Structure formats: structure tokens, C-alpha cells
Amino acid sequence: MKKEFTPRITSFLCKWCSYTGADLAGTARLQYPTSIIPIQVMCSSRVDPVFLIKAFLNGSDGVLIGGCHPGDCHYETGNYHARRRFAIVRSVFESLGLESERLKLSWISASEGPKFARVANEYTEEIMKLGENPTRKSIFL
Amino acid sequence: MTDSERKGAVLPAAKEPGDAVLDFLRLAITKKLADAVILPMKVPSGDSYAWILMNDISLLDDAVPIAATMPVQGAKALRSLTRKGPGNLTVIAVMRPCEIRAAIELSKLGQVHPDNLILATYDCPGAVQLQKYVDDPAGSEKRFAEMLQKGKPDNSAKPVCHICEDFSLFDSDLHFGYLGLPDKEMLVIAGSDKGLELLEELGLASAEDLSVWEKGIDQLKADRIKARKSAFKETEAQLRGFDGLLSVFANCIGCHNCQSACPICYCRLCYFDSETAEQNPDALITAASKRGGISLPVDRIMFHTGRMVHMSLSCVSCGQCSDACPVSIPVAGAFSYVADQTQRTFEYTAGRNDGDPLPLRQFRKSELPGVHELVKDADAEVSSHE
Ligand code: SF4
Ligand code: SF4
Ligand code: SF4
Ligand code: FES
């Protein structure tokens, strides 16, 4: 049963850095797992905290936000705001005893194809260890 | 204003704490230091209270400054008055500390303009749950009179009152203190420069020593802090994990009353009532087929967790959400507990008037280690940009 588990990781990647980084990983033919479901956003700060919750409740086993490195955001400070919003969701998850490890924030620049592949691989492994998101099978939501 | 700088005045003796407050307000209006006041008054049917903005001094006779229950959160009344700006008249509002704390949060959100308001609080023993009050107004008044005497909530009070640490002077302009003092004694304490100015102009006898009152409050506070710790532990255990969350909100009928009664949720159209939150039928059918079935409407847990994420940083633990819930879900217990944690994350306390902006309106370049991986890389990156 365990072997068949393919995680689904909803990934919000900012257009200017992380999404381009993911693209680069692709064109460089770096291996990264199919578990990553990329969604392009204009900036990491576009990710309303409710997006994370929605993805989690819809059964995503992991949710990733990828943004530019601090100081490099195309809109200057978007990623600092994104980090604060992300911290609230983490804190709500922790207080509710939900697995906050299912949420991840990572800074990946446009030139960091290899880093993208590494984060994707490592995170997928982490999620494999955690197993399926309990919301995946829950009838009640 | 720190504790040691606190200044206060002694109010002339009156029968009840509420009467002393009324005398004070009459004086302020007569001396033209305030144009109007906002106070609770019994509704004509006699089984509830409403906020009345009044400038006719004779109406004060019917007002009940320290009311037994709190039907509409006072911050909502202040928002409806000052949403479009501060206005030109000086208005004194006497409200519970959690109502003033909510008003302070709303002022940071641009929803209340406090410039010409004088926000006054009093030592709050707790408030009778709305449903209990409506069921038995006369009995509730009696019980509240006892609570007022002892300074402690009884079991008709809202559960959050038992765990409220900030039931006395917090960050209001004026505060009426009587707990711990001998019978019929009442102090009025300035909590801000605005409050102090008013006290000085009124020319009341200044209070030499606030320590008896302060000691009384500290004693009552200690009980509530203890109760808070153990209540949070219980709530934490109940909410634990996805199943815990489901079971606490199991009976939720999705009416969103908790959100409409909440003073902090001011959004004209809540995201969770908006078109954007509606689901696509095919996606739902897919979701159902993956699970075998799915409960409808699907957004129940999303609504509650989403609300926690949206507003818990400003939650003042006032208990209005629980009072508004038709199926007795301990909404406020859950929100107070979660809010305690989210506010801790940013070292923020909702309701403080210390010039600290809302956590989401600011950031530090280097902060929150551990929320993203490779903290060291990021820090190195930051310093190179500073
Ligand atoms: S969530 Fe409940 S306790 Fe918190 S501010 Fe809103 S109504 Fe008050
Ligand atoms: S839950 Fe969010 S969108 Fe809805 S009223 Fe509250 S703050 Fe606004
Ligand atoms: S008031 Fe109670 S029943 Fe209505 S949405 Fe809130 S928790 Fe659910
Ligand atoms: S544009 Fe990439 S984080 Fe803002």
C-alpha cells in the first residue's frame, strides 16, 4: 500500500524566480518528482493564506510556496510579507495539532534550477515519510 | 502610560458603581468637556440592551453604564459612528475592556477613528451570556449584581470571561476602578494623555494612592491567569488534529453568525460568503468519488480555519462569536486559544494602543527563523541587501 503512495504537492511558485527556476530545472533535464504540481503566481505575496488551507483541505499532501530570495523580490518586499502570512498559517496549524510539516516556504531564484530540483526531491521524501494527508479520505470537511 | 505614572481621581460616593460613572458623565457634559456619550440602555421590551449615542443629559437617567450582558459588541457601535472619520464632537464611550480592545484593533484597520473619542472602561466582572440573559432578564440582573460585587464571573457568564486577564485598565483613555476598594468607593484613572487632560479639567480630587485598587485587581487576575492556562490546555486537547477539529465543529450549521457578530470581521463581504469561495461542481464530484462521498456544503472547516488565519491576530477574546452560535459550539474558546498562539508568533497583543502596527502591515528583513528552510542562506542574502 505504502509503495503506491504518490504525494501531491501543490506548489505556488512566483513567476519571476521560483517558477523560472523550475523551468530551468526542466530544460536542464534535472530529475524532480511528478509530485510537484506547479501553479504560477505573480509573487509569493499573492498567496492568500486561505490558498494553503484550501489546498490542504482538498487533500494536497504538501503545499509549497516558492519565492525570490529576500531582497530579490520583483516587487521589492512581497516575499517578506509572504513570510509573515506563511508564519500565521504555520502557527494556526501548530496550535490545531495539524501537521505543519505539510507546509513549506522556500526561496529559489531564477538561476537555481538545481536548488529547485533538490527542494522538490527532499520535500517529496519528507512527505512520503509523513504519509497521506488525512483530509484526502475524509468525507466530512 | 506605565503603572507608576498612573494618575487618578476619586469620584464622589454613589449607590452603585454604575451611578458613579453616570455622575462623572453628567459632570463632563455640564462642563462642556464632552458633547455626547455612548452607553447601553435597556431596550423597550426590557430583555436586552442597546447602545445609545446621547447628548440629552436627562436620558442618562435611563442608561446602564455597566450592563449585565453585551448584545452588540461595542466596537461595532464605535465603528458605525466613526467609520467615515472622527467627526467634530467629543464623545465619551463607556464599554467593557474587550470592546475597547476591539475598537483599538479596528482603529489600526482604519475602521474606527478614535481621534475625538474618549474610550472609557471599567473593572469588568464578566458578562452574562446573551441567551441566558434573554431567557431570564430579571434573574440575570440579580446574578450580575452579585458578580459585580465579587468582581468575578459566575457560571452564567461567558466562558471567556473566566479566562480574561485584561478585565481592568488596559489601554483605554479613562478607567473606572472599584474592585478591591471599600464599598461605594470609585476611582477614575487616566490611561492616556487625553484622559489625563479631561480629569484635570474636571477638577476632581486626585487619588493619592492607587495601590489598594491595583492589589485587588492583581489578586483577581491571578485566578483568571490560572483558569486561562488550564482552559487552553483543554481546548488544545479537544482541537488536536484533523479529527479534533472536525469534532469541535461537528454541529456547525454554517450560518456564519460567529463571523457577523465578531467585531474584528468587518469585511463588507466576507471572503467565505463570496462568489470566489463557491466550488466547481465537477471538482466536487471528483473529490467525492475519491473519498466515496463528501459532506455538503464543503466549506465548513475551511471557513473556521480560514477565519483563524484571517483575523486571529486581532482577536480580543470577547466571546461574541460563542454568544451568537445557535448550536453552542465553543467558538470563542477555540479562537482565543489559537489567537494566543498566533499573536505570540509575532510578539503582538491585540488591543494594545502602543503605536505598534498590525503584524501583517510590517516585517523585519531578518526574522521568523524556522518558517522557511535554509535560514542561514537567507540571512546572508539579507545582510548583503541592507
Ligand atoms: S473571534 Fe470571537 S472572541 Fe475573537 S474577537 Fe471575534 S467574536 Fe471576539
Ligand atoms: S473571515 Fe476573513 S474575509 Fe471573512 S469577514 Fe473575517 S476577515 Fe473578512
Ligand atoms: S455561529 Fe456556530 S453554527 Fe454558525 S457558523 Fe459559527 S460555529 Fe457554525
Ligand atoms: S516576485 Fe518572487 S517573491 Fe515577489
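Some observations on this one:
- Entry remark, region B:119-139: residues being in contact with a Lys or Arg (Cβ under 8 Å, 6 or more places away or on another chain) and either more than 20 Å from B:L39 (Cβ to Cβ) or open to solvent by 10 Å² or more (accessible area, probe 1.4 Å) (or both) number 2 in total.
- Some residue of region B:140-157 being surrounded by 20 or more Cβ atoms within 10 Å (Cβ to Cβ), at negative phi, assigned to a strand (DSSP E or B) and touching a strand residue (DSSP E or B) at 6+ places or on another chain (Cβ under 9 Å): yes
- So B:D243, is it in a helix (DSSP H, G or I), at the interface with chain A (Cβ under 8 Å from one of its Cβ atoms) and either in contact with an Asp or Glu (Cβ under 7 Å, 6 or more places away or on another chain) or loosely packed, with under 14 Cβ neighbours inside 10 Å (or both): yes
- Those helices (runs of 4 or more DSSP H) lying entirely in region B:271-347 with at least 2 residues within 11 Å of chain A (Cβ to nearest Cβ), touching a residue at least 24 places away in the same chain (Cβ under 8 Å) and among the basic types (K, R): B:300-311
- Subset of region B:14-63 that is free of Cβ contacts under 8 Å to residues at least 24 places away in the same chain and β-branched (V, I, T) - its residue that is surrounded by the most Cβ atoms within 10 Å (Cβ to Cβ): B:I52
- Restricting A:D72, A:D48 to residues that are within 16 Å of ligand 2 (Cβ to nearest atom) and either polar (S, T, N, Q) or open to solvent by 10 Å² or more (accessible area, probe 1.4 Å) (or both) narrows the list to A:D48.
- Residue check, A:V41 hydrophobic (A, V, I, L, M, F, W, C), farther than 21 Å from A:E132 by Cβ and touching a Cys at 6+ places or on another chain (Cβ under 8 Å): yes
- Any hit, region A:32-53, residues being farther than 20 Å from B:D299 by Cα, within 13 Å of chain B (Cβ to nearest Cβ) and among the β-branched types (V, I, T): no
- Selection from region B:312-339 of residues that are more than 13 Å from the chain's Cα centre (by Cα) and either surrounded by fewer than 19 Cβ atoms within 10 Å (Cβ to Cβ) or closer than 30 Å to A:K137 by Cβ (or both): B:C325, B:P326, B:V327, B:S328, B:I329, B:P330, B:V331, B:G333, B:A334, B:Y337, B:V338
- Residue in region B:205-224 that is β-branched (V, I, T), open to solvent by less than 40 Å² (accessible area, probe 1.4 Å) and outside the structural domain of B:P159 (by TED's automatic domain parsing) present: no
- Filter result (crowded, with 23+ Cβ neighbours inside 10 Å and more than 16 Å from ligand 1 (Cβ to nearest atom)) within region B:93-117: B:A93, B:V94, B:L117
- In region B:158-181, the residues that are among the charged types (D, E, K, R), under 21 Å from B:K233 (Cα atoms) and open to solvent by 30 Å² or more (accessible area, probe 1.4 Å): B:E165, B:D166
- For region A:22-55, residues that are aliphatic (A, V, I, L, M), more than 16 Å from A:R102 (Cβ to Cβ) and not in a helix (DSSP H, G or I) total 5.
- Which numbered condition B:I253 fails, given (1) of a type in the set (A, V, I, L, M, F, W, C); (2) farther than 15 Å from B:T305 by Cα; (3) in a helix (DSSP H, G or I); (4) more than 18 Å from the chain's Cα centre (by Cα): (3)
- A:V89 vs. criteria more than 7 Å from chain B (Cβ to nearest Cβ), over 16 Å from A:Q40 (Cα atoms) and buried (at least 24 other Cβ atoms within 10 Å of the Cβ): no
- Yes/no for B:I264 being β-branched (V, I, T) and in contact with a helix residue (DSSP H, G or I) (Cβ under 9 Å, 6 or more places away or on another chain): yes
The values are calculated or read from the model by the stated rules, or taken from the named source; none is laboratory data. Nothing here was measured: the structure is a model prediction, and the numbers come from that model. Ideal geometry is used to build each Cβ from the backbone, glycine not excepted, and the neighbour counts take in all protein chains shown. To get the accessible areas, we keep the full protein, side chains included, count just its heavy atoms, and leave off ligands, DNA and RNA. Shrake-Rupley method; radii C 1.70, N 1.55, O 1.52, S 1.80 Å.
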